[in-house]
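Participant: Sending over a structure as structure tokens; questions will come in a sec.
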Amino acid sequence: MADEFRFPVEATHVLFFRRAVGYADAETSSAVPPTFPIAAAQFDPAYPLRPKPGEKWFGSGKEASGGASPRVAEGPPPLHAEQHFEYHRPIRIGETLTVTSEPGKTWEREGRAGTLKFAERITRYRDEDGADVVTGRSVSVQVFPKEAP
């Protein structure tokens, strides 16, 4: 994720998001759904799953259709485990939010399959005046299998 980027909240984008997540009133309501901040990733120039002109794209199928996986990290690939949004006020169509992200806490737990390593990421969505609108918290987990006896 880029250090900071701008996220325009456009009516058509909200409409398409409402359709995609199955809102029955998608055509008649302009309310911004509570999970809409996740769509900001499409405006992040560093978002690894966004296709870029002139570059091979990893793709979204079972097998990569282009370049290498952008999710290669040290150890096994991380899995998205949790997503939380704390609203400080409603998002308004027509505003542009500034999005910043930073690492949060990390922790480990032992499970039946092995060691689970968790990592938190905090994303802040602020309005033109710098006031917090939404704070997002995502948690990823990596599973490090137990050694075979």
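Participant: Could you check which residue among Ala26, Ala113, Ala81 shows the biggest mean-square fluctuation in a GNM of the chain with a 10 Å Cα cutoff?
Facilitator: Result: Ala113 has the largest fluctuation of those listed.
Participant: Counting only residues 5 or more places away or on other chains, whose amide H sits under 5 Å from the amide H of Gly104 once H atoms are built in the peptide plane?
Facilitator: When sequence neighbours closer than 5 places are left aside, the close amide H contacts are Glu120, Arg121, Ile122.
Participant: Related question: Divide, for the range 75-149, the radius of gyration over alpha carbons by 2.2 N^0.38 Å, where N is the residue count.
Facilitator: Details: Rg = 16.8 Å, N = 75, 2.2 N^0.38 = 11.3 Å.
Taking the Cα Rg and dividing by 2.2 N^0.38 Å, one obtains 1.48.
Participant: So, with +1 on the Cβ of K and R and -1 on the Cβ of D and E, and no other charges, what is the size of the charge dipole of the chain about its Cα centre, to the nearest 20 debye? It would help to have the intermediate numbers written out before the result.
Facilitator: Working: 19 positive and 21 negative charges, 96 e Å.
The dipole magnitude comes to about 460 debye.
Participant: Mind listing the long-range amide H neighbours of Val134? Cut-off is under 5 Å, sequence gap 5 or more, other chains count too, H placed in the peptide plane at 1.01 Å from N.
Facilitator: Residues meeting the amide H criterion: His88, Tyr125.
Participant: Then there is this: At q = 0.10, 0.14, 0.16 Å⁻¹, what is the log10 ratio I(q)/I(0) for the range 4-145, with the Debye formula run over Cα points and no solvent?
Facilitator: Here log10 of I(q) over I(0) equals -0.44, -0.83, -1.03.
Participant: Related question: When we measure straight from the Cα of Lys52, which aspartates and glutamates land under 18 angstrom away, once same-chain ones fewer than 8 places off are left out?
Facilitator: Within the straight-line cut-off, Lys52 pairs with Asp44.
Participant: Which far-off residues, 5 or more places away or on another chain, put their amide H under 5 Å from the one on Gly114, with H placed in the peptide plane?
Facilitator: Lys146
Rule-based calculations on the coordinates, nothing more; no lab input. Predicted, not measured: the structure shown is a model, and the values here were computed from it. Don't worry about glycine lacking a Cβ; one is built from the backbone with ideal geometry, like all the others, and counts go over all protein chains shown.
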